[in-house]
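Each remark here refers to the structure printed beneath this line.
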Amino acid sequence: MSAQTGDLPDLQVSPELTDAEVITDIYLAQQLLAQPGRLSRLLLTADPSGPLPNSHQPILKLITAEDEADLARLTDSFHLNLTALSLLAFVVGLLIVYSCINLAFEQRRPLRRILHSCGVSQRQLLGWLLAELLLLGVLSALPGLIAGYLIASLLLPDLAASLRGLYGADLSGSLTLQPAWWLSGVAMAIGGVLLAATLPLIRLIRLFHNATAR
C-alpha cells in the first residue's frame, strides 16, 4: 500500500515496522527534521575497534550494546511481570469462586436436610458435592483456555514486532501450545476450585458432625 503526500516520495507501509516508525535516508531525514548536516545517533553493525578519539569525545558518546544480555534480562523481566499478574488474577478468582461456593452451600441447606432425611449418608452427599465441583472446574477451564489462546494469538504479532524493532529479537509471530500446557491449565483450574471449596466443605462436615451428635 502506498500514498503520495506533498513533495515526499511514495510511502511504503510495512507490517514489519512498529507503530510511529519511519525508515528513510539520512538526507531526507535531515530535511524533514530541519537539521541539515546533523546526526543524532549512528547505529554500527560491527563493534568499534577502539575508544573514540579525544577530539570527538566532547560531542559524541559511544554506547556499546549487549544484545544477548539485554534480551535475556528483558525476557526475565517480562516473565516476572506475567507471573505476578497471573498470580494476582488467580487469587482474585479464588475469592470469587469461594464466595460462589459459600452462597451455593447456603442456598442448598434445605435440600441437604431433605436428602439426609431420605437416607442419603453424609459421605455420599460430600462425594456428590466434590464430583459437582470437579465437573464445574473442568467445564469452566476449557472456555478460559480457548479464550486465552485466542487473545494471545491476536496480541503476539504486535508484541513480536515491537521486540524486533526495539531490541532486534527474532520472535515468531505464531503461537504454539503443547498438550502439557493445556493439561496444566485444567489442573490449575481444578486445584483452584478445590482450594476455594476447602473451608466451605470443612464447615459442612462440622455441621454434619454437630447434627449427628445431637
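Note on Ser14 and Leu150: the extension gain reaches 46.5 nm, defined as 0.36 nm multiplied by sequence separation minus the Cα-Cα distance.
If R0 is taken as 25 Å, the Cβ-Cβ distance between Glu132 and Glu106 corresponds to a FRET efficiency of 0.95. Spin-label model, Leu183/Thr24: points 7 Å from Cα along the beta carbon direction are separated by 5.6 nm. For segment 75-156, the convex hull drawn through the C-alpha positions has a volume of 106 cubic angstrom per residue.
Readers should treat all values here as calculations from the given coordinates under stated rules, not as data from a laboratory. Bear in mind that the values here come from a model prediction, so they are computed numbers and not experimental data. Please note: Cβ atoms are built from the backbone with ideal geometry, for glycine as well, and neighbour counts cover all protein chains shown.
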